[in-house]
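The structure follows.
Nothing in this text is a laboratory measurement; each read-out follows from the coordinates by a stated rule. Everything numeric here is computed off the predicted structure, so don't read it as measured data. Here Cβ is always computed from backbone atoms with ideal geometry, including for glycine, and neighbour counts include all displayed protein chains.
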Amino acid sequence: MSELIQKITMPKWGLSMQEGKVNGWLVHVGDTLRQGQEIVEIESDKIAGALESSVEGTLRRVLAQEDEVLPVGALLGVVAPAEVSDAEIDAFIEAFAAGFVPGEGSGADAGSRVQYAEIDGRRIAYTVQGDAGPALVLIHGYGGDKNNWLFNVDTLAERHTVYALDLPGHGDSDKALPADAGPAGMAQVVLGFMDALGLDAAHLVGHSFGGATALAAAQAAPQRVRRLHLIAPAGLGAEIDADYVRGFAATNSRKELGRLAARLFADEAQVTRALVDDLLKFKRLDGVPEALAAIAAALLDGDAQRMQLDLPPGVSATVIWGELDRIIPVAHATALTSAAVHVLPDAGHMVMMEAAREVNRLLGA
Amino acid sequence: MARKITYKQAINEALAQEMARDSSVIAMGEDNVGGAGAEGEKDAWGGVLGVTKGLYGRFGDRIMDTPISESAFIGAAVGAAACGMRPVAELMFVDFMGVCFDQIFNQAAKFRYMFGGKAVTPVVIRTMYGAGFRAAAQHSQCLYSMFAHIPGLKVVVPSTPYDAKGLMIQAIRDNDPVIFFEHKVLYTLEGEVPEGAYAIPFGEADVVHEGDDVTIVTLGRMVHFARDAAQTLAKRGIDCDVIDLRTISPLDEETILESVNRTGRLVVVDESSPRCNVATDIAALVAQKAFAALKAPIEQVTPPHVPVPFSDALEDLYVPDAARIAQAVTSVMEFKR
């Protein structure tokens, strides 16, 4: 019967997460869980969010108590149909406890290992997770990195092979940029990445500047894009918060970075000291201020976006936007006439974090 | 960012990356090369605790062993800096610094000022400090406060591997003389450190624990005890800001004052002897500039005014710990006018 028993475990949100705190359950023992349903509030030292169920069925046991701090992979709850007896569940829990070593094994850990591809003499960092289903390439925005997808990767990996990369100048990738630091130049890096990984075609998911990059990749090689998923993309209109773009490149002050980062979210409480610390650490790396300034220059013409991009014929696209986006206005969402448009309430520019469940659903999880 | 290395490896990596980037960076000190060419383990020992291990193989003559003559090689490093090099000199234990005070206090610290800004002295003096290593009174002192007293010197006291690397890179790139304090007990501490080079600006404190009840200002090894205390206290409902100064010259007054103005209570934790130290300096700063905000007397947690004892039991008693810090925090919380 134990093959009918499914577990809910502490997720790994981001490369550095080793443990998480249980802030409270959103469901009770006896409830029927649906896939994608938010079931328990979790907080790491970096971020707080709700864990989505990856399983369907009846919640039979809740093992993690409120305020408890548990390692990644620890058993939080057990889901099983009614025909499984309590004794069998007890045995399952006991066996799990006996075999569980914090920080070891688990599928999530394999996906959180940073790997590198050499593209045009440049080291590009990425993670890959999931080994079933079509390839999904996640492209972060300006000043972001592969960790921006921390609430998406696990869920998406259930039905896709998910690649999350760091663009040049970002994350763990080399900081030297292509000669064209704009979307077209970055698109060549993404296509080179697909070559290196042996991906003939993939779904491209791009956020913000990464959205413009995905669009530019589709223009350069439409046959290699199964579908475009553009999340609050640049390149669809003139308006943008140019003060944010330039300020983020220029500042070294924690206070100023905190003030700027707050504009990324509808809920400013998302901007924790740890989040700002990570931004500061990124900005201190040799080559990063220069890289950001070069991208900002390629992105902006005065206070407006330099580039307006169109959907190439034959490529279908989904556009997802947070209704409360303060960086690029939601009005740009309808610029691509043939695209499917989804505007999500109560979310800002980082909509894939603030409305992770909806975004995951729209991305086909 | 997930890579973890030790405090010692972080300093080594900073030295290696800066030596690779800039050919004017050289390293020198007693045993910094240490037995190069000998068999196996004895090859290139890299200083008394191995911080510079491996650099000789990569950089050859740009790292050199010096005689046991601190006044000579610190003077040579200061002179080389005035002539365009960026030397990193290791003065094994800060306890021995007395024999070259003229080179540091009267020469290196004064050049920029006395030559009207026409000379720079980009020298870094690395040195081990601190108790807890069973090394007795002449190898255990915590003497950073003396250097903060001298205008013209920058004084750096990193507490983590991340800070050690970023502050060392900044120290090497800085055009002023920097005294860089490495706590010998922290050498084996592991932490996340980016592989790429990065510089942490001087005069920018780090807040390692947040809370609105009490401000704990500290540095170096004491940061870890203060954070432990803050975590224990949080469970009892007392929330502490823990400020890691990172550098004491320059000093991030803004972060200290902003915090004390919010909490109204200050505990300063300092591993150096209690008279004329960082604790008294911070206490004076707050008494002068944030007096109106204070709800309780300022508490100082320091060792007693005695030499560091050699007896294990006495040394353990000498060094401040998390329990003493928690006790000091509790006493300022309980203070009634």
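Going by how many other beta carbons lie within 10 Å of each one, how would you line up B:160, B:215, A:161, fewest first?
By the 10 Å Cβ count, ascending, the order reads A:161, B:160, B:215.
May I ask for the net charge around residue A:263, where only other residues with Cβ less than 11 Å from the Cβ of residue A:263 are counted and Lys, Arg are +1 while Asp, Glu are -1?
Values: positive: A:259, A:326; negative: A:241, A:243, A:268, A:325.
Spelling it out: positives minus negatives among the neighbours equals -2.
Of the options B:215, A:75, B:64, report the single residue whose Cα projects farthest towards the positive end of the charge dipole of the protein assembly as shown (beta-carbon charges: Lys, Arg +1; Asp, Glu -1).
B:64
A further question follows. Tell me the angle of helix B:70-82 to the major Cα principal axis of chain B, expressed in degrees between 0 and 90 and rounded to the nearest ten.
Value to nearest ten degrees: 80.
Further question on the same structure: Under the rule a/c < 1.5 gives rounded, and otherwise a/b versus b/c splits prolate from oblate, where does the range B:16-131 land using the Cα gyration tensor? Intermediate results must be reported in sequence, preceding the final value.
Details: a/c = 2.50, a/b = 1.50, b/c = 1.66.
Taking the square roots of the gyration eigenvalues as a ≥ b ≥ c, the range B:16-131 is oblate.
Let me ask something else about it. Tally the DSSP beta bridges in the protein assembly as shown and give the antiparallel ones as a percent, rounded to 5.
Details: 41 of 98 bridges.
Rounded to the nearest five, the antiparallel share is 40 percent.
Also: Cα axis of helix B:322-334 to longest principal axis of chain B: angle in degrees, 0 to 90, nearest 10?
In chain B, helix B:322-334 runs at an angle near 40 degrees to the longest axis.
Going toward the positive end of the dipole of the range A:114-362, with +1 on Lys and Arg Cβ and -1 on Asp and Glu Cβ, which of A:345, A:222, A:280 do you reach last?
Of the candidates, A:280 comes out farthest on the positive side.
I've got another one for you. Using each residue's phi in the range B:19-34, evaluate 6.51 cos²θ - 1.76 cosθ + 1.60 at θ = phi - 60° and report the 3J(HN,Hα) Karplus result to the nearest Hz, with x for Gly and Pro.
Values, residue by residue: 5, 6, 7, 9, 6, 7, 7, 10, 10, 7, x, 5, 6, 4, 8, x Hz.
What is the distance, in nm, between label points placed 7 Å from the Cα along the Cα-to-Cβ direction at residue B:195 and at residue A:118?
Result: 1.3 nm between the two label points.
Just to be sure I understand: of the beta bridges DSSP finds with both ends in the range A:205-363, what percent are antiparallel, rounded to 5?
So the antiparallel bridges amount to about 15 percent of the total.
Rank B:174, B:239, B:22 by mean-square fluctuation in a GNM of chain B with C-alpha springs under 10 angstrom and give only the top-ranked residue.
B:22
Looking only at A:213, A:334, A:318, which one moves most when chain A is put into a Gaussian network model with springs between Cα atoms under 10 Å?
A:334
While we're here: Considering only the other residues whose Cβ falls under 14 Å of the Cβ of residue B:29, what net charge follows from Lys and Arg at +1 and Asp and Glu at -1?
Here the charged neighbours net out to -3.
Looking at chain A as a GNM with Cα springs under 10 Å, which of A:168, A:178, A:233 has the largest mean-square fluctuation?
So, out of A:168, A:178, A:233, the one fluctuating most is A:178.
Pick out, in residue order, every one of the GluC sites (Glu not before Pro) in the range A:215-268 that is DSSP loop and has at most 15 other C-beta atoms within 10 Å; say none if there are none. Walk me through the intermediate numbers first.
Details: sites: A:239, A:256, A:268; in loops: A:239.
Taking the range A:215-268 and a limit of 15 other Cβ atoms within 10 Å, the loop GluC sites (Glu not before Pro) found are A:239.
Name the residues whose placed amide hydrogens come within less than 5 Å of the amide hydrogen of residue A:349, ignoring near sequence neighbours (fewer than 5 apart) on the same chain.
A:265, A:266, A:326, A:327
If you count the DSSP beta bridges with both ends in chain B, what percent of them are antiparallel, to the nearest 5?
20
Treat each spin label as a single point 7 Å out from the Cα along the C-beta direction, and report the residue B:231 to residue B:323 distance in nm.
In this crude label model, residue B:231 to residue B:323 measures out at 1.8 nm.
Then there's this: Counting other beta carbons within 10 Å of each residue's own, what order do B:225, B:335, B:111 fall into, fewest first? Please report the intermediate quantities before stating the final value.
Values: B:225 23, B:335 13, B:111 20.
The order, fewest Cβ neighbours first, is B:335, B:111, B:225.
What ranking do A:229, B:209 get, fewest neighbouring Cβ atoms within 10 angstrom at the top? Each step should come with its number before you reach the end.
Details: A:229 28, B:209 21.
Exposure proxy ranking, most exposed first: B:209, A:229.
Sticking with this structure for a sec: Would the range A:2-107 count as rounded, prolate or oblate if I go by the C-alpha gyration tensor, calling it rounded below 1.5 in a/c and otherwise prolate when a/b exceeds b/c, oblate otherwise?
Numbers: a/c = 1.94, a/b = 1.34, b/c = 1.44.
Judged from the Cα gyration tensor, the range A:2-107 comes out oblate (a/c at least 1.5, b/c at or above a/b).
Taking the Cα atoms only, what angle lies between the long axis of helix B:161-173 and the longest principal axis of chain B, rounded to 10 degrees?
Helix B:161-173 and the main axis of chain B meet at about 50 degrees.
By the gyration tensor of its Cα atoms, with a ≥ b ≥ c the square roots of the eigenvalues, what is the shape of chain B: rounded for a/c under 1.5, prolate for a/b over b/c, or oblate?
Verdict is prolate for chain B.
Here's another thing I want to ask about it. Net charge within 12 Å of residue A:131 by Cβ-Cβ distance, Lys/Arg positive one each and Asp/Glu negative one each, not counting residue A:131 itself?
For residues surrounding residue A:131, the net value is 0.
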